[in-house]
Structures are given as C-alpha cells and as structure tokens.
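J.: Would you mind keeping the following structure in view while I ask a few things?
The values are calculated or read from the model by the stated rules, or taken from the named source; none is laboratory data. Since the model is a prediction, treat every value here as computed from it, not as a measurement. Don't worry about glycine lacking a Cβ; one is built from the backbone with ideal geometry, like all the others, and counts go over all protein chains shown.
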Amino acid sequence: MQRWRGWLIAVLLMVLFVRSTHAGTQAPALQVDAKAALLLDADSGQVLFDQNATVRIAPASLTKLMTVYIAYDALRGGTVRLDEQVSISQQASKMGGSQVFLRTGDRVSVENLLQGVAIVSGNDATIALAEHLAGFPAAFVARMNAKASELGLSDTRFQNPHGLSAENQYSTARDMARLALHLIQDHPAALQLHSMKNFEYNGIKQQNRNLLLGKDPRVDGLKTGWLEETGYHIVLTGKEGERRLVVAVLGARNERSRHEIALRLLNYGFKNFHNVYFFRPGDRVKNLPVWKGAEDLLAISAKRPGIVTVRNGVPEPTLTYQLPEKLIAPISEGQKVGEAVITAEGQETARVDLVAMNAVPRGGWMRWILHSLLLLFN
C-alpha cells in the first residue's frame, strides 16, 4: 500500500510539473487601465492584444495621422512640393490648443508645416496645410473620410483635420492602429518625421509630445492626443530586430499612464510572440508542371507576405499548398493558380493567393496532341 501511495504522489507531481511548464509558455493575461487598446504586429497584421478596440471614441489629435497621410499622398502625386511656400491665413493663425505659433501672413514651407503637425501637433499648422492642399478645411475633411473608407477604417469619421472636439467625430483603437500601419507602410518618410524629438519655429522650440522618443531606442513614432472628455491617447510604434509593433491606447487617465501602458504593450508583444517568415511578396514559391504549354514549368509567387505571428512556446505553424492537379496552358502572367495556407495552433491563420510569375502560351500542335493523349492516362 505504501508503495502504491508513493507511486501516486510521484505521478501527481509529474502532472503538476508538466502543467506549470506549459503554462509558462503562454502569453500572460493582460489588462490595461485605458478605455481601449490594441497591439498588432506590423509584418503579419495580426492582433496580439485587444481591449475594447472597436469602441468608438473621439480620436483627438490622433486625427492628424490622417492629415499627414493625405499630405504625403499629395507629395507622392506631385501636386505639392516640400519646399512650396504657404501663406498663413487668419483662420489658421487664430487656432487654439497646441500651436506652432504661426502668424497671419507668414510664409512657411510645406515641410515645416508637416513637421509642426507631426512633432508638436500644431492645430494652426494643420489648418494651414489643409487650406493649401484642398482650398478650405471642409474639402480636406472630405478627402480624409474618403481615404478612411479606402483604407477600410469602418469605425472612423472625421469632422475636422486637427481633432479638436466636434460632434460625430470618432474612431477606434483598431482603426487608429491600422491607420498608423498604413502610414508607415505607404509613406515611410512620414515615420522619420514622427520620430523627430524637437521642432522650432520663430525662435520657439517645442518637444515632441511622444515622451518615449529617445528614452526607449526601439520607439520611433508616432502620435499623441488628448481631449478633456476622452482622456489621453497615443499611437506608438517600435522596432526590435526585424519586428515592428504598433500600439494604440485610447482614454488613459493621464499623460504618464498612456506612455506606461503603451510601453507595457510593446514589451508584451516583443517578449511573448515571434514571427515565422515563410515567403515574401514576389518570392518564387514553387515550380509547377504545365500541360499543353510552350514551357514545361511555371514559376509561381505569392501576392502577399507569408508571415505569421505566434506565441512563444507553442508548436511552430505549418504551410500547405492548395494547387490544381493539372495546370493546362495557356496561362497569363499574374493569373491565380492556387493558394498557400498557413495554420497555427490548429487554426488557419493566413491564406495567400499564388500567381503565375510569367505567361505560358499554348504549345505547338504536336505538343498539344501529345499532352492530350498523355492526359487520358493520367
């Protein structure tokens, strides 16, 4: 009896050890003291933390992320230049809240206005930029909302370009994180702008409201915001090695709290998750045999990255291909010929279209007849 009791105790201890070891590999439960928050991986686009991320909240000066996006669209399209001079209107110079302290009649470059918007959140610089790009602020806001729809920001509505209180102006932590990600990916120069720690105009030097710049070497953007009725916001991004994360925190209790929460989420993402890279857009994924074609093989590539973010300590994700049994010419360049499916923790995480890297025209009549006969027996 004593021997059986000892054996039972040993088994129980082993079970407890296995459970505790497994629990140690899981990302710890997390909750933050803010109205809403979201953490996502920039490469995979996967959400790693979500707390009320679809709750609509006034975005405050996070609105200016879209203002900057629209401005960079105009720069890329060639309708405006960085060295272009803007005459400051009375409406712009009279704006309250955060300011660059522009004066009516000043001549300021588009580049300096962009810096004033991104670095010190100047409402005066924002209006001046909106007027220059669209004629008047309301027309600029129409562009902002059109771009929000184009980018899939379904829970965002802008009423002004600066973010001061306005009825029916709202966004979410999810949409703000996605907007930041689009800005980083579509206009990389904007990230350099948001990473600048200081801005000076007319002898007045001001510090970037993102106080984590320079304090944490991983952090290189993006934007803060505040309204009395909603609290303190921040959209933060940071890079560690090859990985970049984006954090959105809305409605923190104070300035210090928003930075602490954002940094906590950044640390959580880097510590508890890692990326597995299967392929990048344009990589040759496979060579497939082609029937009845001028060529025997077709190279296929992926339209999107084959990247998945997984929790540390869980089994690595797997990659499978869904391809046609027989590929028959003609095949055009860019034609979809199959899909790559990435599975992690027993669930499909990503499905990526595979396309032809080159065209394969129909082969000559001798090849066509030969392959037709061979197909009868395959």
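J.: When segment 311-327 is examined, which residues are found to be of a type outside the set (D, E, K, R), surrounded by fewer than 19 Cβ atoms within 10 Å (Cβ to Cβ) and either part of a strand (DSSP E or B) or touching a Leu at 6+ places or on another chain (Cβ under 7 Å) (or both)?
T.: Listed by number, the residues that qualify are Thr318, Leu319, Thr320, Tyr321, Gln322, Leu323.
J.: May I pose another question? Anything in segment 124-135 that is surrounded by fewer than 24 Cβ atoms within 10 Å (Cβ to Cβ) and either in contact (Cβ under 8 Å) with a residue 40 or more places away in the chain or in a helix (DSSP H, G or I) (or both)? List them, or say none.
T.: Those that are surrounded by fewer than 24 Cβ atoms within 10 Å (Cβ to Cβ) and either in contact (Cβ under 8 Å) with a residue 40 or more places away in the chain or in a helix (DSSP H, G or I) (or both): Glu131, His132, Leu133, Ala134.
Here's the yes/no breakdown for (1) in a helix (DSSP H, G or I); (2) farther than 14 Å from Ala173 by Cα; (3) over 16 Å from the mean Cα position of the chain (by Cα):
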position: Thr237; (1), (2), (3): no, no, no
position: Val247; (1), (2), (3): no, no, no
position: Leu250; (1), (2), (3): no, no, yes
position: Arg264; (1), (2), (3): yes, yes, yes
position: Tyr268; (1), (2), (3): yes, yes, yes
position: Lys271; (1), (2), (3): yes, yes, yes
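J.: Would you please name the residue that is surrounded by the fewest Cβ atoms within 10 Å (Cβ to Cβ), looking only at residues in segment 182-235 that are of a type in the set (Asp, Glu) and either in a loop (DSSP other than H, G, I, E, B) or touching a Gly at 6+ places or on another chain (Cβ under 6 Å) (or both)?
T.: Top of the filtered list is Glu228.
J.: Condition check: outside the structural domain of Val352 (by TED's automatic domain parsing) and acidic (Asp, Glu). Does Glu295 satisfy that?
T.: It is false that Glu295 is outside the structural domain of Val352 (by TED's automatic domain parsing) and acidic (Asp, Glu).
J.: Go over the candidates Leu30, Leu65, Leu48, Leu40 one by one and state the one that is under 20 Å from Leu263 (Cβ atoms), at pLDDT 50 or above and in a helix (DSSP H, G or I).
T.: Step by step, each of Leu30, Leu65, Leu48, Leu40 is checked, and only Leu65 is under 20 Å from Leu263 (Cβ atoms), at pLDDT 50 or above and in a helix (DSSP H, G or I).
J.: If you don't mind, there's one more thing I want to ask. Which one of these is over 30 Å from Lys239 (Cβ atoms), touching a helix residue (DSSP H, G or I) at 6+ places or on another chain (Cβ under 9 Å) and assigned by TED's automatic domain parsing to the domain that holds Arg76: Ser165, Ser121, Ser171?
T.: When all the criteria are applied, what remains is Ser165.
J.: Name the pairs: first residue in segment 189-218 and assigned by TED's automatic domain parsing to the domain that holds Tyr232, second residue surrounded by fewer than 18 Cβ atoms within 10 Å (Cβ to Cβ) and among the small types (Gly, Ala, Ser), Cβ to Cβ under 9 Å, at least 6 apart or on different chains?
T.: Lys197/Gly214; Asn208/Gly214
J.: With Gly231, Gly241, Gly225 as the choices, which residue is without any contact (Cβ under 8 Å) to a residue 12 or more places away in the chain and not aromatic (Phe, Trp, Tyr)?
T.: After ruling out the rest, the residue left standing is Gly241.
J.: Residues in segment 142-153: is at least one farther than 24 Å from Lys35 by Cα, in contact (Cβ under 8 Å) with a residue 60 or more places away in the chain and not basic (Lys, Arg)?
T.: There is at least one residue in segment 142-153 that is farther than 24 Å from Lys35 by Cα, in contact (Cβ under 8 Å) with a residue 60 or more places away in the chain and not basic (Lys, Arg).
J.: Additional query: Looking only at segment 278-297, which residues are in contact (Cβ under 8 Å) with a residue 60 or more places away in the chain and either within 22 Å of Val47 (Cβ to Cβ) or assigned to a strand (DSSP E or B) (or both)?
T.: If the condition is that a residue be in contact (Cβ under 8 Å) with a residue 60 or more places away in the chain and either within 22 Å of Val47 (Cβ to Cβ) or assigned to a strand (DSSP E or B) (or both), then Phe278, Phe279, Arg284, Val285, Lys286, Val290, Trp291, Gly293 are the ones that fit.
J.: Mind counting the residues in segment 146-167 that are over 25 Å from Asp50 (Cβ atoms) and either outside any loop (DSSP other than H, G, I, E, B) or of a type outside the set (D, E, K, R) (or both)?
T.: Total meeting the criteria: 8.
J.: Same structure, new question: Are any of the residues in segment 340-358 out of contact with any strand residue (DSSP E or B) (no Cβ under 6 Å at 6 or more places or on another chain) and more than 30 Å from His274 (Cα to Cα)?
T.: Yes: segment 340-358 contains one or more residues that are out of contact with any strand residue (DSSP E or B) (no Cβ under 6 Å at 6 or more places or on another chain) and more than 30 Å from His274 (Cα to Cα).
J.: Go through (1) over 24 Å from Val47 (Cβ atoms); (2) in contact with an Asp or Glu (Cβ under 9 Å, 6 or more places away or on another chain) and name the single condition Asp155 misses.
T.: For Asp155, the failing item is (1).
J.: Touching a His at 6+ places or on another chain (Cβ under 9 Å), buried (at least 22 other Cβ atoms within 10 Å of the Cβ) and closer than 16 Å to Pro161 by Cβ - does that describe any residue in segment 91-112?
T.: Within segment 91-112 (the criterion being touching a His at 6+ places or on another chain (Cβ under 9 Å), buried (at least 22 other Cβ atoms within 10 Å of the Cβ) and closer than 16 Å to Pro161 by Cβ), the answer is yes, since at least one residue qualifies.
J.: A follow-up question, please. Residues of segment 79-118 being basic (Lys, Arg) and either assigned to a strand (DSSP E or B) or not assigned by TED's automatic domain parsing to the domain that holds Ser165 (or both), which ones?
T.: Hit for segment 79-118 is Arg107, nothing else.
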